[in-house]
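Student: Just passing along the structure, written as structure tokens.
The values are calculated or read from the model by the stated rules, or taken from the named source; none is laboratory data. Everything numeric in this text was worked out from a predicted model, so none of it was measured. All Cβ positions, even for glycine, are placed from backbone atoms using ideal geometry, and neighbour counts span all protein chains on display. All accessible areas refer to the heavy atoms of the entire protein, side chains included, with ligands and DNA or RNA removed. Shrake-Rupley method; radii C 1.70, N 1.55, O 1.52, S 1.80 Å.
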Amino acid sequence: RYRMHGLHPDWIEAGASRVAYYNYVPPGRYRFEVVAHNGNGVWCETGAGVALTVRPQFWQTWWFIALALAGLSGSIAGTVRLIEKRKARAQMQRLEVERAMERERTRIARDIHDDLGARLTMISMLSDAAEREAHEGKAITEHVRDIQSSAREMFAQLDETVWAVNPHNDRLDRLVEYVIQ
């Protein structure tokens, strides 16, 4: 019979076999002991023994496990950082688009203000001139035509601006339709 202290404390009966089999012996220190009997059932008291040390495979060592955990942690941290970086980049691009749209809106508002203001000033001045000439008894037909022409141009430009700012019109078929119109 035999036993392996540290793995299995009980004696294993080997019978007539002279070989001991262990499917798996984990890393560690063991003492393998063997005792035999003389055939009449009298067991030897002292037996024989040998000290064994089973060394761990490299993947079972503490330094490999620590290195693997550090690598896994680093991979997770790197992945999280990459995801956060992409999110930040996407948010930055979104903010840049919003900022560009705000600048474009400001420019359009300034252009509308400047152009419409100039045309309204011109209409006001033409109206004043027509009123003066009407008091003096002169013909005001040319001034009325200029006022009418300036008002039509102002209306057309305002219509173009409103159409261009409308996001519903950001398609090619809408542009073609507008140009034909």
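Student: Which residues, taken from the stretch 68-122, are out of contact with any helix residue (DSSP H, G or I) (no Cβ under 9 Å at 6 or more places or on another chain) and of a type in the set (Val, Ile, Thr)? Before the answer, list the steps.
Tutor: Here is the first cut: in the stretch 68-122, the residues out of contact with any helix residue (DSSP H, G or I) (no Cβ under 9 Å at 6 or more places or on another chain) are 69-103, 106-107, 109-110, 113-114, 117-118, 121.
Listed by number, the residues that qualify are Ile76, Thr79, Val80, Ile83, Val97, Thr106, Thr121.
Student: Within the stretch 3-30, how many residues turn out to be in contact with a Gly (Cβ under 9 Å, 6 or more places away or on another chain) and exposed (fewer than 11 other Cβ atoms within 10 Å of the Cβ)?
Tutor: Going through the stretch 3-30 one residue at a time, the tally reaches 1.
Student: While we're on this one: If Glu102 satisfies all but one of (1) of a type outside the set (Ser, Thr, Tyr); (2) open to solvent by 90 Å² or more (accessible area, probe 1.4 Å); (3) in contact with a strand residue (DSSP E or B) (Cβ under 9 Å, 6 or more places away or on another chain), what's the number of the condition it fails?
Tutor: Exception for Glu102: condition (3).
Student: If you don't mind, another one. Name the residue, out of Ala109, Ala130, Ala151, that is among the small types (Gly, Ala, Ser), in contact with a His (Cβ under 8 Å, 6 or more places away or on another chain) and surrounded by 11 or more Cβ atoms within 10 Å (Cβ to Cβ).
Tutor: Working: Ala109 fails: in contact with a His (Cβ under 8 Å, 6 or more places away or on another chain); Ala151 fails: in contact with a His (Cβ under 8 Å, 6 or more places away or on another chain).
Only one candidate passes the filter, namely Ala130.
Student: Among the residues of the stretch 65-76, are any surrounded by fewer than 10 Cβ atoms within 10 Å (Cβ to Cβ) and within 30 Å of Pro26 (Cα to Cα)?
Tutor: no
Student: Answer yes or no as to whether Gly28 is within 51 Å of the chain's Cα centre (by Cα) and among the small types (Gly, Ala, Ser).
Tutor: Values: within 51 Å of the chain's Cα centre (by Cα): yes; among the small types (Gly, Ala, Ser): yes.
Spelling it out, Gly28 is indeed within 51 Å of the chain's Cα centre (by Cα) and among the small types (Gly, Ala, Ser).
Student: Going residue by residue through the stretch 154-164, is there one that turns out to be part of a helix (DSSP H, G or I), out of contact with any Lys or Arg (no Cβ under 8 Å at 6 or more places or on another chain) and over 26 Å from Gln181 (Cα atoms)?
Tutor: Within the stretch 154-164 (the criterion being part of a helix (DSSP H, G or I), out of contact with any Lys or Arg (no Cβ under 8 Å at 6 or more places or on another chain) and over 26 Å from Gln181 (Cα atoms)), the answer is no, since none of the residues qualifies.
Student: Got a sec? Which of Thr53, Thr61, Thr79 is closer than 13 Å to Met4 by Cβ, open to solvent by less than 90 Å² (accessible area, probe 1.4 Å) and without any contact (Cβ under 8 Å) to a residue 60 or more places away in the chain?
Tutor: Numbers: Thr61 fails: closer than 13 Å to Met4 by Cβ; Thr79 fails: closer than 13 Å to Met4 by Cβ.
Unique residue meeting the criteria: Thr53.
Student: Take the stretch 31-50 and flag every residue that is acidic (Asp, Glu) and either open to solvent by less than 70 Å² (accessible area, probe 1.4 Å) or at pLDDT 95 or above (or both).
Tutor: Looking only at the stretch 31-50, we keep the residues that are acidic (Asp, Glu), and these are 33, 45.
Within the stretch 31-50, just Glu33 meets the criteria.
Student: Also: Condition test on Ile112, is it in a helix (DSSP H, G or I), at pLDDT 90 or above and under 53 Å from the mean Cα position of the chain (by Cα)? Don't jump to the end; show me each part of the working.
Tutor: Details: in a helix (DSSP H, G or I): yes; at pLDDT 90 or above: no; under 53 Å from the mean Cα position of the chain (by Cα): yes.
It is false that Ile112 is in a helix (DSSP H, G or I), at pLDDT 90 or above and under 53 Å from the mean Cα position of the chain (by Cα).
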